[in-house]
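Single-structure report; data block below.
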Amino acid sequence: MKNEGEMANRPDNTAFTQQRLPAWQPVLSAGIVIPGFVLIGLAFIGIGVALFVTSQKIQVLETDYTGAEQGSPCYDCRDTSVPCVCRVNFSLSKLFEGPVFFYYGLSNYFQNYRQYGSSRDDDQLSGYTSAFTSPSETCAPYQYNSQKKPIVPCGSVANSMFNDSFKLYHVVNGQPRPVPLDGKGIAWWTDYNIKYRNPTVNGTLASAFADTVKPINWPRPAYDLDTTDPSNNGFQNQDFIVWMRRAALPNFRKLYRRITEGDYANGLPAGNYTLEITYNYPVLAFDGRKKVVFSNVSWMGGKNQFLGIAYLVIGSLCIVMSVVMLIVYAKYKFPEDEL
Amino acid sequence: MAERWLWLLIPWRGAWTPRSKANGQEEERHVRANDREYNERFQYADNRIKTSKYNFFTFLPINLFEQFQRVANAYFLVLLILQLIPQISSLSWFTTIVPLVLVLAITAVKDATDDYFRHKSDQQVNTRQSQVLIKGKLQNEKWMNVRVGDIIKLENNQFVAADLLLLSSSEPCGLCYIETAELDGETNLKVRQALTVTSDLGTDVSRLAEFNGEVICEPPNNKLDKFMGTLYWKDNKFPLDNEKMLLRGCVLRNTEWCFGMVIFAGLQTKLMQNCGRTKFKRTSIDKLMNTLVLWIFGFLICMGITLAIGNTIWEERVGRNFWSYLLWDELLSSPVFSGFLTFWSYIIILNTVVPISLYVSVEVLRLGHSYFINWDRKMYYSKRDTPAEARTTTLNEELGQVEFIFSDKTGTLTQNIMVFNKCSINGKTYGDIYDEFGHKVDITEKTPCVDFSFNPLMDRKFRFHDSSLVEAIKLEEPLVQEFFRLLALCHTVMPEERSEGELVYQAQSPDEGALVTAARNFGFVFRARTPETITLYEMGQPVTYQLLAILDFNNVRKRMSVIVKNPKGQIKLYSKGADTILFDRLDPCNEELMYTTSEHLNEFAGEGLRTLALAYKDLDEDVFDEWMKKLLFVSTSLENREERLGALYEEIEQGLMLLGATAIEDKLQEGVPETIACLTLANIKIWVLTGDKLETAMNIGYSCNMLRDDMNEVFIISGHTSLEVQQELRSAKERIMGPSREKLGSGLDEDKTDMYGSDSVFEETIIAEYALIINGHSLAHALEADLEQMLLDTACLCKTVICCRVTPLQKAQVVELVKRHKRAVTLAIGDGANDVSMIKTAHIGVGISGQEGMQAVLASDYSFAQFRYLQRLLLVHGRWSYHRMCTFLCYFFYKNFAFTLVHFWFGFLCGFSAQTVYDQWFITLFNIVYTSLPVLAMGLFDQDVNEHHSLRYPSLYRPGQLNLMFNKRKFFTCTLQGICTSFVLFFIPYGAFFCAVRDDGSHISDQQAFAVTIATSLVIVVSVQIGLDTNYWTAVNHFFIWGSLAVYFAILFAMHSDGIFSIFPSQFPFIGTARNSLMQKSVWLVILLTTVVCIMPMLAIRFLRAVLYPSLTDKVRLLQQATRRQGPQEQNLRRVRRTSSRRSAYAFAHQQGYGELITSGKNMRAPTSSNFVFPVSPPGRVNVATSWIDSMLKKKGDTSNAVAMEKTTGVASGTEMSDRTEPQGQYTQTEEV
């Protein structure tokens, strides 16, 4: 028989095994919940007011140039089969504070459609030439052209790159004066410097693209995208990268240029302006809309009424709830000794 | 000692079915001794036991096959296959395979460990040694190699290896003694006797080897008390019955050796056949979970269909134009087909609503809870060094939902130890001790014991606290001496003196043993007996009494007497028996003493002690001689021998002189009444199912407070026919519900299923307390189909239900009955093999471990050493487990809905294209890395109320029984919460991102930034939610919650880092997103807003609910917090006061005593160990005795019946007298103490 003094099987007497671990045991008591609600409510109202005021200060100028309606400036350019330029005039009654950002916007455009989004080859875009000769399956039907030559960059996203271009003129004394548009650094730094890499074969970009064809909708091959700036070519083209960062929602805007230089570094002065649009991109077929947006930003980004209002609403609701809870608590609190 | 443990017999509750029908239905069994060739033709089961499922090679295929039979695993396999189809694959293959492989691996490891232990214990059983007669020689063989027809030699204290036919034994007349505790729970010894022809074979191996008798008998069955067969040997037929069988599971006692022939082996033994079918137990939450998973699956399909229809419409209206622009029309020919594909894509995307890690997490939790049970020191019994053990790791939360407890009595509620506790001698009580102020002192472990060192023959284990009795003995007070002399003489105990002074008493009932032991310690040592004499050492002096007659006990007489002649030549009759019986036979001069003794008896009974009255009488030699002649005459007569003997005994047991009374404590396990009281407060109904007889069971019922005098009525059902039982049940029910309600009640019978609700309302409304006691043979009728409902109804109306004299199978049937008709969780607790079937049948089986037998433990789901641990197991561990599991499940479903349904909302904005919102890695890791550990920590450690308060407020247990914490309603609430959260999670970022740009003007509203924002909000929201659900923040919780958040951000930044992108550019396209988006204040403002909107309503609702409809838990929590602030307070322990005043009339053997056996000298060993010369018994005596076994066996069956008859009449008379609450007419009503 076992020795009674021996306790070989005795469980260890530790806080863990005996479930006596020291613990914080919070209770949702009135003393915490009600002041908590008040505090959060107040904080939210504060943030809400700040957001709302900031948002109000931001100037936004938005112009639809789709030309869907008769009489609108670009109505005649609807047919994109022929090159077309149209002009949109607008005037500013006061200084549009800088730096001013120039966006193009598309609506009803499903960049978030799954097959569309996956129709790209990240290997290709990071400059692996192996992916040039055999693009990823996901790129189909923009994988090979009809002659079975690989398309670079392959896939729908690249193929459908936005290709309207804009020029902005400040009309001074009836004379159009071009506003310098800065196209540098409009893409994320990480995208431009890490994600998208240009391959080099024999020292030139173009030779890397040998034996490949340009995307069907593109007027020029990728290594020749920007005729004005040779360093802005290949995959490391700002506009291309901006386009390739797919929008989450069907209505989106993408940064086109910044107005940061020269006389316009402090913003667009009051006056008349003309926007010259090279209208290439067809959207009317799927009932889409194109627009240009001028906007400045604040610490919280662009104009965004939603956040401010949401904060205000939630903050107020918290205050209301705290009052309700206080009343209920005062009225129905059970006596603690009643058990 | 370890090899004696019976756990070697049935190792694990494996998956075998006992009724193996491999070789068709066996009609009749033919076994020829020592003839393996002949026996092998019948392909009987061998003695090997196999409970394991796999071997090394079959493990992987079988285990995988089994695992994929689980719906969830199969579901994920299908998903995996779907994901490999490129057209519909909306997620990468790794999102499914990583969790699936993880889940499969964890389960496989667990199964493998389980099976390993099964193998090990099988091995241990199968390799036990036994001596088998092979080719004329005794050889040691492993158990598994024993075959039917083999002859086996057993030695003392060995376990019987298979069902044997007893051939011969070391004892005279082929007798042998066995202990059947493992089979029926009775610890008293039983006698088996071999056929005379075979017992002559003796120990002669060569003759045994030549033995070639053939047994033709019944096929294997589960009837423990019946055996029918015939032995054909040497052209003779010998009938065989159960009295010649040694069953597997018995232990040979007091018999040096015996030989037996194997009739049934292995799984065909009666023990194994009685083990009931092993069922895989599942908890109700498990079943609910499966239902819910199916529902979720349905919901998933609905969502898929909705989105597929959406896709069809979208493609038709919008997409069509969009395609033509994108030149896609060649890919997707028709919107309907596109919708069809989308359906599958969405099934893949939304698969996370069916939580794959659910099952594995639940298993982990249960395993953890099991370990906490194993580790609990408060359930560790240091005296036997036995910790509690959770043998099944899958049932823990059900411990928090138990409504019915079925308890065995012997060994479970009681220790089966009888202790001589008090006595009253000549009107003076002994046994209590008083302090100097005359107050009674509670006797504890520390109370000093009386020093018996004056007596070299004392039993060291005996404890007595009142020294005045020893003083009285030393003063040689004649009545005190006579008292102990009586105890030393008047019994049927057999002494065994292994070495000088080392006496062991072999008593047929523990009560008798206790009395003789008491006498021994007080200086009247019963040392030896022969059929003719009894030798005592009276205060060190040997005195030999001539034993003239034993007037044995039976349950009609309720007393036994001996007539002895002391050395001085005086003839004396010593009698002990039930007080009521003896008091009627006293000499009138005893009246005053009788009055005082009666007072004392009341006092003893009030403390739950089993009392006996003692009396003696001096006999005149002439009178005795005359009487003896009559006795001899009567005992040789054939007709009405019993009655005539009874009358003769009655004649001489008259005019007795009262000596006093004894009080024996049937020691309850520690803390039993308190535990029962506490469990009753937790609204758990406790039914006692015992193989013991009615009186004993009732006695225990009273002493553990299940039966009380203040109960309105105690019904005893002991009818012998179905009709009687029905009437008794009906009248009981009528009395409880009142005649007016009976109509409604009968309606219940007809409309069983629909009336559950109102039925329980009834149960609640009955305030009066009733008890139901039902006898085994009545139970057999009551369990028939037409009566069972009535039995159940009546029983559920009673506070206490006691079933006595029930067979193991009946125990299981009772449990089954409750299980079937009440949707309640049942728990069975027992210690013996007779409880195995019940333990296996109940939802939860608990075995009392640390006793000799391990059968019950092996069959059980939980085991511990003491009944009182049940309280802790249920109220603390069970409640916590249930609470944790429910909170866990609620949270789990919530989390998965919140996580997954974002995709659903996004579907409306992405052309129903099954575009995922999140990064694929996030989807892969969300459930298994980012959110699994905090909820596991919560599920393992949470304590809504600490253990102390759990025990203090047993009503906290109620929500579990009512299934309030996790049910379909709760499920809907938490999924709804999840859906709302997902809605907020999607639409707040949607609103904010609609036209958002970064503070440097570049765009932010791209897919990837959107994904990161929502994912981050989601992780934060669910972390805050788990924080709210956690009541008990241990360091581990802190670590896991904060750790998970940290790990989320770490992994997020790692996966969005430059380095990993440069290695796998196409696998990690999210490069830089985390940096670019999480640097933005506006993104954080969105996350903060989302979190607050998701959490605040929940917080408000919880707070308001706690204020408006506070649950007991809420109140106790507040109280707990208050006491914590004030520091620990001294807690007053609840003490249960015994209110019983029932006179426990006698404490006696289960069956008729060994009187005849003793006087016949049949069981006397050859005088090797004793110095005494045994006179040869007179021939007449032997004649009386030869029929002993037959008559004893015959009577055994009647015993219970006779008792039952009496009780029936007792009830009848009891119920007639309205002022009597006493259940049994023959007991005197006594005052409450």
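The values are calculated or read from the model by the stated rules, or taken from the named source; none is laboratory data. The shown structure was predicted, so the numbers you read here are calculated from the model rather than taken from an experiment. Note: ideal-geometry Cβ built from the backbone for every residue, glycine included; neighbour counts use all protein chains shown. Side chains included, ligands, DNA and RNA excluded: accessible areas come from the protein's heavy atoms. Shrake-Rupley method; radii C 1.70, N 1.55, O 1.52, S 1.80 Å.
Values for this structure:
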read-out	value
Residue list for region B:252-268, restricted to those being open to solvent by less than 10 Å² (accessible area, probe 1.4 Å) and either modelled with pLDDT of 85 or more or assigned to a helix (DSSP H, G or I) (or both)	B:Leu252, B:Cys258, B:Phe259, B:Gly260, B:Met261, B:Val262, B:Ile263, B:Phe264, B:Ala265, B:Gly266
Qualifying residue in region A:306-322 (condition: open to solvent by less than 60 Å² (accessible area, probe 1.4 Å), closer than 30 Å to B:Pro1069 by Cβ and under 22 Å from the mean Cα position of the chain (by Cα))	yes
The one condition in (1) under 25 Å from A:Arg177 (Cβ atoms); (2) open to solvent by less than 20 Å² (accessible area, probe 1.4 Å); (3) not hydrophobic (A, V, I, L, M, F, W, C) that A:Gly288 fails to fulfil	(1)
Only one of A:Ser93, A:Ser81, A:Ser72, A:Ser55 that is more than 9 Å from chain B (Cβ to nearest Cβ), buried (at least 17 other Cβ atoms within 10 Å of the Cβ) and of a type in the set (Gly, Ala, Ser)	A:Ser55
Within region B:363-393, considering residues that are part of a loop (DSSP other than H, G, I, E, B) and more than 7 Å from chain A (Cβ to nearest Cβ), the one most open to solvent (accessible area, probe 1.4 Å)	B:Arg384
Single unsatisfied condition, A:Tyr75 versus (1) free of Cβ contacts under 8 Å to residues at least 12 places away in the same chain; (2) touching a Phe, Trp or Tyr at 6+ places or on another chain (Cβ under 7 Å); (3) of a type in the set (Ser, Thr, Tyr)	(2)
Output for region A:276-286, where each listed residue is more than 22 Å from the chain's Cα centre (by Cα) and part of a loop (DSSP other than H, G, I, E, B)	A:Tyr279, A:Asn280
Unmet requirement for A:Val38, which otherwise passes all of (1) touching a residue at least 12 places away in the same chain (Cβ under 8 Å); (2) not in a helix (DSSP H, G or I)	(2)
Members of region A:118-172 found to be of a type in the set (Val, Ile, Thr) and farther than 30 Å from A:Thr63 by Cβ, listed by number	A:Thr129, A:Thr133, A:Thr138, A:Ile151, A:Val152
Candidate set: region B:269-293, residues that are of a type in the set (A, V, I, L, M, F, W, C) and modelled with pLDDT of 80 or more; chosen: the one nearest to the chain's Cα centre (by Cα)	B:Ile285
Any hit, region B:1067-1074, residues being out of contact with any strand residue (DSSP E or B) (no Cβ under 8 Å at 6 or more places or on another chain), assigned to a helix (DSSP H, G or I) and under 24 Å from A:Leu28 (Cα atoms)	no
Residue ID - surrounded by the fewest Cβ atoms within 10 Å (Cβ to Cβ), chosen from residues in region B:1062-1100 that are of a type in the set (S, T, N, Q) and more than 9 Å from chain A (Cβ to nearest Cβ)	B:Thr1091
Test: residue in region A:1-22 that is open to solvent by 40 Å² or more (accessible area, probe 1.4 Å), more than 7 Å from chain B (Cβ to nearest Cβ) and under 44 Å from the mean Cα position of the chain (by Cα)	no
Hey, B:Leu475 outside the structural domain of B:Leu679 (by the TED database) and buried (at least 21 other Cβ atoms within 10 Å of the Cβ) or not	no
Subset of region B:394-404 [at pLDDT below 90 and open to solvent by 10 Å² or more (accessible area, probe 1.4 Å)]	B:Thr394
For B:Leu614: the one exception among (1) outside any helix (DSSP H, G or I); (2) at pLDDT below 90	(2)
Cβ-Cβ under 6 Å pairs, at least 6 apart or on other chains, region B:1020-1037 side farther than 18 Å from B:Gln977 by Cβ and in the same structural domain as B:Val935 (by the TED database), far side of a type in the set (Gly, Ala, Ser) and assigned to a helix (DSSP H, G or I)	B:Val1036/B:Ala937; B:Asn1037/B:Ala937
Number of the exception - B:Ser1005 against (1) facing chain A (nearest Cβ under 8 Å); (2) open to solvent by 30 Å² or more (accessible area, probe 1.4 Å)	(2)
Qualifying residue in region A:77-90 (condition: in contact with a Gly (Cβ under 8 Å, 6 or more places away or on another chain) and in a helix (DSSP H, G or I))	yes
Strands (runs of 3 or more DSSP E) wholly inside region B:172-251 that include at least 1 residues being under 30 Å from B:Lys409 (Cβ atoms) and at pLDDT 80 or above	B:175-179, B:189-193
Every pair of residues 6+ apart whose Cβ atoms lie under 8 Å, when the first sits in region B:1111-1123 and is more than 8 Å from chain A (Cβ to nearest Cβ) and free of Cβ contacts under 8 Å to residues at least 12 places away in the same chain while the second is surrounded by 18 or more Cβ atoms within 10 Å (Cβ to Cβ) and assigned to a helix (DSSP H, G or I)	B:Asp1114/B:Ala1106
Residue ranges of helices (runs of 4 or more DSSP H) in region B:430-529 with at least 1 members among the basic types (Lys, Arg) and touching a residue at least 60 places away in the same chain (Cβ under 8 Å)	B:478-489, B:510-521
Condition broken by B:Ser168, with the remaining ones in (1) open to solvent by 10 Å² or more (accessible area, probe 1.4 Å); (2) at pLDDT 85 or above; (3) among the hydroxyl-bearing types (Ser, Thr, Tyr); (4) touching a helix residue (DSSP H, G or I) at 6+ places or on another chain (Cβ under 7 Å) satisfied	(1)
Test: residue in region A:140-156 that is crowded, with 19+ Cβ neighbours inside 10 Å and assigned to a helix (DSSP H, G or I)	yes
Residue list for region A:203-259, filter: of a type in the set (A, V, I, L, M) and open to solvent by 40 Å² or more (accessible area, probe 1.4 Å)	A:Ala206, A:Ala210, A:Ile216
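Matching residues to (1) of a type in the set (Phe, Trp, Tyr); (2) within 32 Å of the chain's Cα centre (by Cα); (3) open to solvent by less than 30 Å² (accessible area, probe 1.4 Å); (4) modelled with pLDDT of 90 or more:
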| position | (1), (2), (3), (4) |
| --- | --- |
| B:Tyr894 | yes, no, yes, yes |
| B:Val935 | no, yes, yes, yes |
| B:Thr973 | no, no, no, yes |
| B:Leu976 | no, no, no, yes |
| B:Cys980 | no, no, no, yes |
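Residue-by-condition table, conditions (1) part of a strand (DSSP E or B); (2) more than 21 Å from B:Leu707 (Cβ to Cβ):
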residue: B:Ala795; (1), (2): no, no
residue: B:Cys803; (1), (2): yes, no
residue: B:Val806; (1), (2): no, no
residue: B:Lys811; (1), (2): no, no
residue: B:Val814; (1), (2): no, no
residue: B:Val818; (1), (2): no, no
residue: B:Arg823; (1), (2): no, yes
residue: B:Thr826; (1), (2): yes, yes
residue: B:Ile829; (1), (2): yes, no
